[in-house]
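Here the structure is laid out as structure tokens; the discussion comes afterwards.
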Amino acid sequence: MKQLALDFNLAPLPRLANFVAAGNEAALAHLSLWVDNPLRAPVPTYLWGDGGCGKTHLLRAVAGELAAQGSPVGWLDAGVLSPPAFDLRWEVVCLDDCHLYTAEQQAAAFNWFVNAQTPAEGRARWVLAAGAVPPADLKLREDLRTRLGWGQVFHLQGLGEVDRRAVLRRAADGRGVALSDEVVDFMLNRFSRDLSSLMQLLDHLDRYAMRTQRAITIPLIKAMLENE
């Protein structure tokens, strides 16, 4: 059955606190300790796993929480076609979707990595990277590939069916929203199944249901898709 992608721009901002860590507790604890520690040890960290397992959520959560502390962050993903030069003000370098980097992006990522790990102003910077495969399997230039595997490496596990349903119901209960088994089945079968997309869908459904004063049902979901 065809899955539908949604882009309602209503998803809550990624935070470490709203990441569902089932199976990924060690990675979350590692990132939380680093973000909360003013004496940060700059050991590179690499996250890998299938799409929808939460890699980008975690990188954006770290970047957002450091920005809230007043710490600038360097960000590079496959959509940044002309990467800027390394900035000494950065507290951390985030490299997302490394497996998709072009030659120009690989050159920038290598430059950022080397500059981040070279002590400047008495300290080095942290590198937090993510990709779909482990460092050894990345199809990147060798000097970048090996550096991405230098430090802590975490394999992120996607949520299983039971956990995904439980998280969806828990999020709905927290909003005071009732979801029938039929509605949950419809959401999981007809839309992107990664947790971020499901939370975004639930947020939009909740707003639409409140605006129309209707319960969330399959007809309501179809009506929302036709009218929004």
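The values are calculated or read from the model by the stated rules, or taken from the named source; none is laboratory data. This is a predicted model, so every value here is computed, not measured. Quick reminder, even Gly has a Cβ in these numbers, built from the backbone with ideal geometry, and neighbours come from all protein chains shown.
Checking each residue in the stretch 192-228 for being at pLDDT below 85 and not in a loop (DSSP other than H, G, I, E, B) picks out Leu195, Ser196, Ser197, Leu198, Met199, Gln200, Asn227.
Please work out if Ala178 is within 30 Å of Leu202 (Cα to Cα), part of a loop (DSSP other than H, G, I, E, B), out of contact with any Phe, Trp or Tyr (no Cβ under 9 Å at 6 or more places or on another chain) and at pLDDT below 95. Criteria met by Ala178. The set of residues in the stretch 111-145 being of a type in the set (Val, Ile, Thr), within 28 Å of Glu25 (Cβ to Cβ) and either without any contact (Cβ under 8 Å) to a residue 24 or more places away in the chain or surrounded by fewer than 18 Cβ atoms within 10 Å (Cβ to Cβ) (or both) consists of Val133 alone. Taking the numbered list (1) modelled with pLDDT under 85; (2) loosely packed, with under 11 Cβ neighbours inside 10 Å in turn, Ala11 passes all entries but (2).
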